[in-house]
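**Q** Below is one structure. I have some questions about it.
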Amino acid sequence: LCDEFIKGAKESGNNVEKIRLAEKNIDFARTCETCCKNEVCSCSQKDDVAEIIQKMIDVDVIVLATPTYFYGMSAQLKALIDRTAERYKEISNKEFYYIVTAADTRDAAIERVVEQLKGFTTWCLDNPIEKGTVYGTGAWQIGDIRNNKKAMEQAYQFGKNA
C-alpha cells in the first residue's frame, strides 16, 4: 500500500522517501526527561530517531503506516511516536495519511489503531490536517494486500493527491 501511495505521489511530481522503521535502530522512550531538562531539547539516546524526527519536521506530508498486531500498531511506530516527545511541537501544519493493514477482513478491526494514530496527531501536534485513511484488510500473508483492490486504488489516489 505504501508503494502504491508512493507511485501516485511520484506521478504527481512529489519527492518521496519511504522510511522502514523495522530497518532502523529505534530505542523505546525511557521517561528519563533528559530531553526536557535543558533549554535545547535533545535526547540522550543515540539511535536513528533524531534523523527521522527531523525529516518529519522538514516535510509537508507524513504517511503513518503500520500493520495491526493484536489490534494495535506496530511496536516500532509506537516507539517512534513516543520518542517525538522532545520535538513534537515542531511537527506542525502537516498533512497526514494513515495506512493500516490487518489480517482481519473487517474495517472495524483496524479502527482502534486509526484512533491511536489520530490521538497522536490530533491531540499532540499543532494543526494536523488529516487527509485520509486506507484500511488494508485481509492481509494475513505477505502479498495478500494486492487482493484488496479498493485499498490499493485508494492508496494510489491518495498519493496522487498528496
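The values are calculated or read from the model by the stated rules, or taken from the named source; none is laboratory data. Quick caveat: nothing in here was measured; it's all calculated off a predicted structure. Here the Cβ is made from the backbone with ideal geometry for all residues, glycine too, and neighbour counts use every protein chain on show. Note: accessible area is taken over every heavy atom of the protein model, side chains too, but ligands, DNA and RNA are not part of it. Shrake-Rupley method; radii C 1.70, N 1.55, O 1.52, S 1.80 Å.
**Q** Give me the percent of accessible area attributable to carbon and sulfur for the chain, probe 1.4 angstrom.
**A** The value for the chain is 48 percent carbon and sulfur by accessible area.
**Q** Could you pull out the longest piece of the chain with no exposed loop GluC sites (Glu not before Pro) in it, calling a site exposed if DSSP puts it outside H, G, I, E, B and it has at most 14 other Cβ atoms within 10 Å? Kindly include the intermediate steps, with their values, before the conclusion.
**A** Values: sites that count: GLU17, GLU33, GLU39.
Segment 40-162 is the longest.
**Q** Still on this structure, please answer the following. Per residue of region 102-110, what does 6.51 cos²θ - 1.76 cosθ + 1.60 with θ = phi - 60° give for ³J(HN,Hα)? Whole Hz please, x for Gly and Pro, Karplus curve as stated.
**A** 7, 5, 4, 8, 9, 4, 4, 5, 9
**Q** P(r) of the chain in 5 Å steps, Cα pairs, percent per bin?
**A** Taking all Cα pairs of the chain, the binned fractions are 2, 9, 17, 20, 21, 16, 9, 4, 2, 0, 0 percent.
**Q** So, for region 46-162, what is the accessible surface per residue at a probe of 1.4 Å, expressed in square angstrom?
**A** On the way: 6220 Å² over 117 residues.
Here the residues of region 46-162 average 53 Å² of exposed surface.
**Q** A further question on this structure: Among the trypsin sites (Lys or Arg not before Pro) in region 42-114, which ones are in a DSSP loop with at most 10 other Cβ atoms within 10 Å of the Cβ? Mind listing them?
**A** Values: sites: LYS46, LYS55, LYS78, ARG83, ARG87, LYS89, LYS94, ARG106, ARG112; in loops: LYS46, ARG87, LYS94, ARG106.
Answer in residue order: LYS46.
**Q** When the Karplus curve 6.51 cos²θ - 1.76 cosθ + 1.60 is applied with θ = phi - 60°, which whole-Hz ³J(HN,Hα) does each residue of region 17-22 get, with x for Gly and Pro?
**A** Computed from phi, the couplings for region 17-22 are 10, 9, 10, 8, 4, 4 Hz.
**Q** Please report the antiparallel percentage of the DSSP beta bridges confined to region 42-162, to the nearest 5.
**A** About 5 percent, rounded to the nearest 5.
**Q** Going from most exposed to least, what order do SER92, SER12 have by accessible area with a 1.4 Å probe? Intermediate results must be reported in sequence, preceding the final value.
**A** Details: SER92 30, SER12 55 Å².
In descending accessible area the options line up as SER12, SER92.
**Q** Mind checking region 79-162 for chymotrypsin sites (Phe, Trp or Tyr not before Pro) that DSSP puts in a loop (not H, G, I, E or B) and that have at most 15 other Cβ atoms within 10 Å?
**A** Taking region 79-162 and a limit of 15 other Cβ atoms within 10 Å, the loop chymotrypsin sites (Phe, Trp or Tyr not before Pro) found are TRP140.
**Q** Moving on. Just how much of THR105 is accessible, in Å², when a 1.4 Å probe is used and the result is rounded to the nearest 10?
**A** 110
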